[in-house]
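I have a structure I would like to understand better, so I am pasting it below and will then ask my questions one at a time.
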Amino acid sequence: MSRLAGKRALVTGAGGALGRASALAFAREGAAVAVVDVVDETAAETVELVRAAGGTALALHADVGEEAQVEAAVTAAVSAFGGLDVLFNNAGIMPHQDRSFLDADLELWRTISGTNLFGTLLFSKHAVPHLIAAGGGAVVNMSSFLAHLGTRFPQDAYAASKGALSSLTISMAVQLGPHGIRVNALAPGPIATAHVEQFFPDPQARQLRLDRVPLGRFGTPEDAAELALFLASDAASWLTGQVVVLDGGISCNYL
Ligand SMILES: NC(=O)c1ccc[n+]([C@@H]2O[C@H](COP(=O)([O-])OP(=O)(O)OC[C@H]3O[C@@H](n4cnc5c(N)ncnc54)[C@H](O)[C@@H]3O)[C@@H](O)[C@H]2O)c1
């Protein structure tokens, strides 16, 4: 298991469900992983889990929307590992108050974009020069299937922030290809985390969503982590500028 042997990776939001599973998968495959989160306790737990599994990891504090903190975290990762080859912009928020554009609260829209979009922008701005210095690498961005699908239960600020990320992914890929850097995004459907389960107020609401999934189940953090690992690894060496939807077939399912 060495798909990222010798690589130096940074994962944002790596104290959370998908980020933690990804940090564990990257480390399992040989990468040294900088575990970045705004919550220090969960970042430290992820580092402990990586180390307990025999991997190398370092916890770093940063609010992805704060440029000085982002710059400091990137500098700390580079000085600890001697460089950077992989950036996974995973950190994101999906507040329950986010509904239709008709009820838009501009502060909430700013907050959501401030993390989901600006966080990816800032980490890319500060980390990519190190990937260039390393002679190439991979950036993986975390979009969502909601960037590409409408729903009767809108989360418009979230969806719009993720749609912008899908666009940014494409532009970054074109600019960074000549540097040997691939840029892709994954766009998961519902992954059954505690936070996502709270969007389903009762068993019927949960079943309504489940009935849309041809593969008959919600995703797991490991489903997302394995795709992020693939996109980060040389197995995807001719894949760039793509937003890969990972949703058990929901987006193929008309009725
Ligand atoms: N869970 C799903 O169903 C699902 C589906 C599609 C996309 N996603 C995306 O996957 C990513 C991870 O989601 P998750 O389900 O693991 O959520 P999560 O809440 O478990 O993890 C998110 C992590 O990001 C951190 N974070 C939040 N704001 C931050 C900030 N400003 N600076 C630094 N860290 C910050 C949190 O502390 C947390 O550890 C998010 O971008 C989310 O939008 C999730």
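The values are calculated or read from the model by the stated rules, or taken from the named source; none is laboratory data. Only a predicted model underlies this, so the values are computations on that prediction, with no experimental measurement involved. A quick note on method: Cβ atoms are made from the backbone with ideal geometry, for glycine too, and the neighbour counts reach across all protein chains shown. The accessibility values were calculated without ligands, DNA or RNA, using every heavy atom of the protein model including side chains. Shrake-Rupley method; radii C 1.70, N 1.55, O 1.52, S 1.80 Å.
Please work out the Cα convex hull volume for the chain and give it in Å³ per residue.
It comes to 124 Å³ per residue, whole-number rounded.
Each label point is 7 Å from the Cα along the Cα-to-Cβ direction; what then is the distance between the points at residue 174 and residue 106, in nm?
The modelled label-to-label distance comes out at 3.1 nm.
Take each complete run of DSSP H in the chain, measure how far its Cα atoms stretch along the helix's own axis, and keep only those covering 20 Å or more with mean Kyte-Doolittle hydropathy at least 0.5; list them.
Counting only whole DSSP H runs, the qualifying helices are 67-81, 106-133, 156-176.
Now for a separate question. Defining a contact as two alpha carbons under 8 Å apart and six or more residues distant in sequence, what relative contact order in percent does region 8-252 show?
That works out to 19 percent.
Name the residue farthest towards the positive end of the dipole of region 8-252 from the options 160, 171, 57, assuming +1 on Cβ of Lys and Arg, -1 on Cβ of Asp and Glu, about the Cα centre.
Towards the positive end, the residue furthest out is 171.
Something else: Among 27, 117, 238, which residue has its Cα furthest toward the positive end of the charge dipole of the chain, with +1 on Lys/Arg Cβ and -1 on Asp/Glu Cβ?
My answer, from the dipole projection, is 238.
Residues with amide H under 5 Å of residue 59's amide H, sequence separation 5 or more or different chain, H placed in the peptide plane at 1.01 Å from N; which?
Under 5 Å from the amide H of residue 59 lie the amide H atoms of 35, each far enough along the sequence or on another chain.
Separate question: Mean residue ellipticity at 222 nm from the helices of the chain, using -39,500 (n - 2.57) per DSSP H segment of n ≥ 4 over the full residue count, to the nearest 500 deg cm²/dmol?
Helices in the chain give a 222 nm mean residue ellipticity of -14500 deg cm²/dmol.
When the accessible area of region 8-252 is computed with all protein chains present and a 1.4 Å probe, what percentage of it is carbon and sulfur?
It is 58 percent, rounded to a whole number.
Please go through region 226-255 and write out the chymotrypsin sites (Phe, Trp or Tyr not before Pro) that DSSP classes as loop and that have at most 14 other C-beta atoms within 10 Å.
Here the sparse-neighbourhood loop sites are 238, 254.
Per residue, what accessible area does the chain have, given a 1.4 Å probe and all protein chains present, in Å²?
Accessible area per residue, the chain: 46 Å².
Output the direction-averaged projected area (hull surface divided by four) of the convex hull of the alpha-carbon atoms of region 27-78, in nm².
Approximately 3.4 nm², given one-decimal rounding.
Another question, then. Report the far tail of the P(r) of region 95-235, meaning the percent of Cα-Cα pairs longer than 19 Å.
58 percent
Let me ask something additional. Test of understanding: given the chain, find the longest segment containing no trypsin sites (Lys or Arg not before Pro) that are in a DSSP loop and have at most 11 other Cβ atoms within 10 Å.
By the stated rule (loop sites, at most 11 other Cβ atoms within 10 Å), 1-151.
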